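**Q** Quick one: the structure is below, questions incoming.
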């Protein structure tokens, strides 16, 4: 038989408002998780005790430039890789009902949970030091209605995850220009940098999101910005192949981007 936390998680994933009301009315904790951060941390620490740290390489640098939804399992490039399957399982188990409802796009369920006292700034454990919030999940999905609802209930627009990427960066990586515009209007720090010095323009470029790149450039973001390793926005764009990459390079050059050196 499922415990209350698991039942809440399943109901939130399905958007089953009636079942959520029933469980909450019976005393279920609106912020319950299937596994605690402490349990997951202990398991992940055991997983890496025999692993060797990755050696610096061009490949590793490129991998670290991947969007938040892909780079998280690298644990900020500060720890060895662990079993991804275990990491994904732990991540799912550490999500609150609110996060499940947000991720599956169930606005009515999200509103119910928030009205019942759900913590809009709770974090899900990704790897060892993960700190992903419901707002980040909504931003990546590009759901502006969900973003508005979460912000109404106190979600921190400036919170960052395990690699210091904000909801604004999640939106840029997700490729939904409406979400990027909305978060900018709500005061998100547009030029915030992650733990390797990459900003939204760089990560939108590597992700192939031309509409987002065009919007960010129109807002005055620097087409010649560089990260902590000296890699420019053009370097990021060059990692995106095909027509999308070519279009982004053209947009950057039209905005004055030039090759380093």
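The values are calculated or read from the model by the stated rules, or taken from the named source; none is laboratory data. Note that the coordinates shown come from a computational prediction; the quantities given were computed from them, not determined experimentally. All Cβ positions, glycine included, derive from the backbone under ideal geometry; neighbour counts span all protein chains shown.
**Q** Pick out, from segment 160-261, the helices (runs of 4 or more DSSP H) lying fully within it that include 3 or more residues that are loosely packed, with under 15 Cβ neighbours inside 10 Å and under 16 Å from the mean Cα position of the chain (by Cα).
**A** Working: elements: 167-174, 177-185, 200-206, 210-218, 233-238, 242-254.
Answer list for segment 160-261: none.
**Q** Let me ask another. Going by what's in this entry, would residue 145 be described as without any contact (Cβ under 8 Å) to a residue 40 or more places away in the chain and not assigned by TED's automatic domain parsing to the domain that holds residue 115? Please lay out each step first, then the result.
**A** On the way: without any contact (Cβ under 8 Å) to a residue 40 or more places away in the chain: yes; not assigned by TED's automatic domain parsing to the domain that holds residue 115: no.
Here the answer is no, as residue 145 does not meet what is asked.
**Q** Okay, next question. Kindly evaluate residue 155 against the criterion of being at pLDDT 95 or above, assigned to a helix (DSSP H, G or I), in contact with a helix residue (DSSP H, G or I) (Cβ under 6 Å, 6 or more places away or on another chain) and assigned by TED's automatic domain parsing to the domain that holds residue 109.
**A** Answer is no for this residue.
**Q** Then there is this: Which condition number in (1) more than 22 Å from residue 99 (Cα to Cα); (2) in contact (Cβ under 8 Å) with a residue 60 or more places away in the chain is the one that residue 173 fails?
**A** For residue 173, the failing item is (1).
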